[in-house]
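Peer 1: Next up is a structure, given as structure tokens.
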Amino acid sequence: MNNIEQVEQTIAFVKETLQGAEGGHDWFHIQRVFNNSLLIAKDEKVDIQIVSLSALLHDIADSKFHGGNESVGPQMAREFLASLGIKPSVIDHVVKIIENISFKSSLDSKGEKKVAKRFNSLELQVVQDADRLDALGAIGIARAFNYGGFKGRELYNPDIAPNLKMDKETYKNSKAPTINHFYEKLLLLKNKMNTAGGRKLALERHQFMLDYLQQFYNEWNGSV
Ligand code: ADP
Ligand code: NI
């Protein structure tokens, strides 16, 4: 099977597996990450086949929807790639990317950057940037509110605002509104981008989110 056929087979598998997935992690999220991975990869010396397969399989089984089990996705990807007869060295690399790509896995339990990362490669960096881009800008905003709705969160609450000095325990019990997620994660992502191309796109989307937040507060306060 040639490289193009491998990618086509993987697209079919992912579409089928993600049928009925929620809007933040459905096939269209994968398609955007795949397209942005290829865009960023144009300026990087990477193995395009590894980038493509990793982008397509990176959310094949999100641990959030599998009882926090982080090994389901990598295992599914490994079995699928083996069924295509793909070289073990390529399979190992793709699986390592899937295991290490998420925002969470590069942070420890206190939200600090881990001292030693478990695995890194330029291919991982490209796909990670593409995945992060999908959490930014207009799409990122849509995904955040979609996720917040799914979790039954408030849009915004001035009493649980991100800049309030609230003790950690009270905050943890307060079910933070979706706007807080911007300050806890989304607005931090531009400084975590790995590649020059990814960073450039992230900066544009970051500015869009700042403008959005300004408009949001203006409307909230009745001053528009
Ligand atoms: P991915 O799997 O694509 O790396 P995540 O699973 O971390 O990303 O999150 C999926 C989407 O849901 C992202 O757009 C993210 O911003 C959003 N999200 C995650 N946690 C929250 C939260 N606490 N509030 C609002 N949105 C969230
Ligand atoms: Ni993703």
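The values are calculated or read from the model by the stated rules, or taken from the named source; none is laboratory data. Computed from a predicted structure; not experimentally measured. We place every Cβ from the backbone using ideal geometry, glycine too, and count neighbours over all the protein chains shown.
Peer 1: With the requirement that a residue be out of contact with any helix residue (DSSP H, G or I) (no Cβ under 9 Å at 6 or more places or on another chain) and of a type in the set (Asp, Glu), what does the range 25-60 give you?
Peer 2: Our first condition is that a residue be out of contact with any helix residue (DSSP H, G or I) (no Cβ under 9 Å at 6 or more places or on another chain); within the range 25-60, this holds for 26, 28.
Within the range 25-60, just Asp26 meets the criteria.
Peer 1: Continuing with this model, one more query. When you look at Asn218, is it free of Cβ contacts under 8 Å to residues at least 12 places away in the same chain and either outside the structural domain of Phe34 (by TED's automatic domain parsing) or surrounded by 16 or more Cβ atoms within 10 Å (Cβ to Cβ) (or both), yes or no? Give the derivation first.
Peer 2: Values: free of Cβ contacts under 8 Å to residues at least 12 places away in the same chain: yes; either outside the structural domain of Phe34 (by TED's automatic domain parsing) or surrounded by 16 or more Cβ atoms within 10 Å (Cβ to Cβ) (or both): yes.
Considered against the rule, which asks whether it is free of Cβ contacts under 8 Å to residues at least 12 places away in the same chain and either outside the structural domain of Phe34 (by TED's automatic domain parsing) or surrounded by 16 or more Cβ atoms within 10 Å (Cβ to Cβ) (or both), Asn218 comes out as yes.
Peer 1: Could I ask something else about it? Against the condition hydrophobic (A, V, I, L, M, F, W, C), at pLDDT below 95 and under 19 Å from Thr10 (Cα atoms), how does Ile101 come out, does it pass?
Peer 2: Details: hydrophobic (A, V, I, L, M, F, W, C): yes; at pLDDT below 95: yes; under 19 Å from Thr10 (Cα atoms): yes.
Yes; evaluated as a whole, the condition is true for this residue.
Peer 1: If you go through the range 169-178, how many residues are more than 9 Å from ligand 1 (Cβ to nearest atom) and surrounded by 14 or more Cβ atoms within 10 Å (Cβ to Cβ)? Full working, then the answer.
Peer 2: First, the residues of the range 169-178 that are more than 9 Å from ligand 1 (Cβ to nearest atom): 169-175.
Then keep just the ones that are surrounded by 14 or more Cβ atoms within 10 Å (Cβ to Cβ); that gives 171, 174-175.
Count: 3.
Yes/no matrix, rows are residues, columns are (1) closer than 30 Å to Asp92 by Cα; (2) without any contact (Cβ under 8 Å) to a residue 40 or more places away in the chain; (3) assigned by TED's automatic domain parsing to the domain that holds Val94; (4) crowded, with 16+ Cβ neighbours inside 10 Å:
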{"site": "Gly148", "(1), (2), (3), (4)": "no, yes, no, yes"}
{"site": "Lys151", "(1), (2), (3), (4)": "no, yes, no, no"}
{"site": "Lys190", "(1), (2), (3), (4)": "yes, no, no, yes"}
{"site": "Arg205", "(1), (2), (3), (4)": "no, no, no, yes"}
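Peer 1: Related question: What tally of residues in the range 45-68 results from selecting those that are surrounded by 18 or more Cβ atoms within 10 Å (Cβ to Cβ), within 15 Å of ligand 2 (Cβ to nearest atom) and either over 20 Å from Ala82 (Cβ atoms) or aliphatic (A, V, I, L, M) (or both)?
Peer 2: Counting residues in the range 45-68 that are surrounded by 18 or more Cβ atoms within 10 Å (Cβ to Cβ), within 15 Å of ligand 2 (Cβ to nearest atom) and either over 20 Å from Ala82 (Cβ atoms) or aliphatic (A, V, I, L, M) (or both) gives 7.
Peer 1: Here is a follow-up. Any residue at all in the range 27-44 that's of a type in the set (Val, Ile, Thr) and surrounded by fewer than 17 Cβ atoms within 10 Å (Cβ to Cβ)? Can you show your working first?
Peer 2: Of the range 27-44, the ones of a type in the set (Val, Ile, Thr) are 30, 33, 40.
Checking which are surrounded by fewer than 17 Cβ atoms within 10 Å (Cβ to Cβ) leaves us with none.
The answer is no; no qualifying residue exists.
Peer 1: Pick from the range 1-20 the residues that are touching a residue at least 40 places away in the same chain (Cβ under 8 Å) and of a type in the set (A, V, I, L, M, F, W, C): which of them is surrounded by the most Cβ atoms within 10 Å (Cβ to Cβ)?
Peer 2: Residues of the range 1-20 that are touching a residue at least 40 places away in the same chain (Cβ under 8 Å), as a first pass: 1, 3, 6-7, 9-11, 13-14, 17-18.
Subset that is of a type in the set (A, V, I, L, M, F, W, C): 1, 7, 11, 13-14, 18.
Values: Met1: 10, Val7: 17, Ile11: 16, Phe13: 19, Val14: 23, Leu18: 19.
Here the answer is Val14.
Peer 1: Still on this model: Tell me, yes or no, whether the range 144-159 has at least one residue that is on the phi > 0 side of the Ramachandran plot and assigned to a helix (DSSP H, G or I).
Peer 2: Of the residues in the range 144-159, the ones on the phi > 0 side of the Ramachandran plot are 152.
Okay, now just the ones that are also assigned to a helix (DSSP H, G or I), so none.
No - not one qualifying residue is present in the range 144-159.
Peer 1: Look at Gly197 and say whether it is of a type in the set (Gly, Ala, Ser), without any contact (Cβ under 8 Å) to a residue 40 or more places away in the chain and buried (at least 19 other Cβ atoms within 10 Å of the Cβ). Talk me through it step by step, then tell me what you get.
Peer 2: Working: of a type in the set (Gly, Ala, Ser): yes; without any contact (Cβ under 8 Å) to a residue 40 or more places away in the chain: no; buried (at least 19 other Cβ atoms within 10 Å of the Cβ): yes.
For Gly197, the condition - of a type in the set (Gly, Ala, Ser), without any contact (Cβ under 8 Å) to a residue 40 or more places away in the chain and buried (at least 19 other Cβ atoms within 10 Å of the Cβ) - is not met.
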